[in-house]
């Protein structure tokens, strides 16, 4: 089972120091995979076809080296869909060259992301090749993914993120992809929703069928908060069915918050769930995470907002036990409220 953390959010990417710290955190919490996919790093997405400048490449190499040192697999994800011309060899060669550059600094695992695109193609040649399909984008992405999987050597199967990455329903995109995508490729899935409150085994089984019996890697959009950056999700992971791991789930990677240090609190509980899904209990997991990371989380929250901003109606005494505190944090809170809630427990 893959147990991972992904930097896959929109907004200001984590700093180099934060990434190094979180890679070490991943090792401490039993995660075995770090997925590098910062949406607003231009060399990941907008400038996918441009080589990293020397300084950027050196920093990336430091991350790869640190991940190797602590026993975490560094997965390099690239998202070429904004501009790649699927049928042109020159664009495919640029894609391979970018991955070769990453391989030169020690990367051994690669992923291909097609999420959050429009259903459009990028050149007349693409339209000519794929225009007859019910969903041309799915045909183009399936064929290029197959080609990429064959050309890029790695130990494990290629993981891709499709455009239709959430839900259990059928669609023209999924019908085309399940017909054309190589059966050995693993597909990211976020659960029944883009941000799923719960994920059940039955939903997983349905999604596997919709994707043509591909193994699914759960891209869990908890505790990510790029859709509302001032709202912090600090509560433990909840409502992830332990039976998922008897099905066709190849693992789970959790998408972190923009605020790196506060994100350790929920991510530590994700790690605990993945270590023992059947025995996982959110409240004790949260208590352990708070004991381990509470001081640095509170210190980080102090830098985000002063406690004077907390609403006068907040009753800290109402959350005197851990279960009540978890409930108070469950749907996300702003930084001042989080500080007021957590500080008495640290």
Residue count, the stretch 183-200, condition in contact with a helix residue (DSSP H, G or I) (Cβ under 9 Å, 6 or more places away or on another chain) and crowded, with 16+ Cβ neighbours inside 10 Å, comes to 8
message: Kindly evaluate residue 102 against the criterion of being within 29 Å of residue 5 (Cβ to Cβ) and touching a residue at least 60 places away in the same chain (Cβ under 8 Å).
response: no
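Quick one: is residue 84 in contact with a helix residue (DSSP H, G or I) (Cβ under 8 Å, 6 or more places away or on another chain), in contact (Cβ under 8 Å) with a residue 40 or more places away in the chain, assigned to a loop (DSSP other than H, G, I, E, B) and over 21 Å from residue 34 (Cβ atoms)? Spell out the reasoning first.
Numbers: in contact with a helix residue (DSSP H, G or I) (Cβ under 8 Å, 6 or more places away or on another chain): yes; in contact (Cβ under 8 Å) with a residue 40 or more places away in the chain: yes; assigned to a loop (DSSP other than H, G, I, E, B): yes; over 21 Å from residue 34 (Cβ atoms): yes.
Judged against the criteria, residue 84 is a match.
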task: Confirm whether residue 67 is in contact with a strand residue (DSSP E or B) (Cβ under 7 Å, 6 or more places away or on another chain), in contact (Cβ under 8 Å) with a residue 40 or more places away in the chain and assigned to a helix (DSSP H, G or I).
output: yes
Counting only residues in the stretch 271-300 that are buried (at least 18 other Cβ atoms within 10 Å of the Cβ) and in contact (Cβ under 8 Å) with a residue 60 or more places away in the chain, the one nearest to residue 240 (Cα to Cα) is identified as 274
Exercise for the section: Answer yes or no: is there a residue in the stretch 300-309 that is within 26 Å of the chain's Cα centre (by Cα), under 28 Å from residue 1 (Cα atoms) and modelled with pLDDT of 95 or more. Expected result: no
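Farther than 16 Å from residue 35 by Cα, surrounded by 15 or more Cβ atoms within 10 Å (Cβ to Cβ) and modelled with pLDDT under 95: does that describe residue 146? Spell out how you get there, then give the answer.
Details: farther than 16 Å from residue 35 by Cα: yes; surrounded by 15 or more Cβ atoms within 10 Å (Cβ to Cβ): yes; modelled with pLDDT under 95: no.
No: the conditions fail for residue 146.
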If we keep only residues of the stretch 1-31 that are touching a strand residue (DSSP E or B) at 6+ places or on another chain (Cβ under 9 Å) and surrounded by fewer than 16 Cβ atoms within 10 Å (Cβ to Cβ), then the residue modelled with the highest pLDDT is 30
Inside the stretch 234-258, the number of residues satisfying the requirement of being part of a loop (DSSP other than H, G, I, E, B) and surrounded by fewer than 24 Cβ atoms within 10 Å (Cβ to Cβ) is 7
When the stretch 173-231 is checked residue by residue, the ones that are closer than 27 Å to residue 150 by Cα and in a loop (DSSP other than H, G, I, E, B) are 181, 182, 183, 184, 185, 190, 211, 212, 213, 214, 215
Of (1) assigned to a helix (DSSP H, G or I); (2) within 24 Å of residue 154 (Cβ to Cβ), residue 55 fails just (2)
Within the stretch 121-168, residues being over 20 Å from the mean Cα position of the chain (by Cα), under 19 Å from residue 179 (Cα atoms) and part of a loop (DSSP other than H, G, I, E, B) number 5
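Within the stretch 264-275, identify whether any single residue is in a loop (DSSP other than H, G, I, E, B) and modelled with pLDDT of 95 or more, and answer yes or no.
Looking through the stretch 264-275, none of the residues is in a loop (DSSP other than H, G, I, E, B) and modelled with pLDDT of 95 or more.
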Considering residues that are over 21 Å from residue 270 (Cα atoms) and in contact (Cβ under 8 Å) with a residue 12 or more places away in the chain, the number found within the stretch 14-48 is 10
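The values are calculated or read from the model by the stated rules, or taken from the named source; none is laboratory data. In this text, all values refer to a predicted model and were calculated from it rather than measured experimentally. Ideal geometry is used to build each Cβ from the backbone, glycine not excepted, and the neighbour counts take in all protein chains shown.
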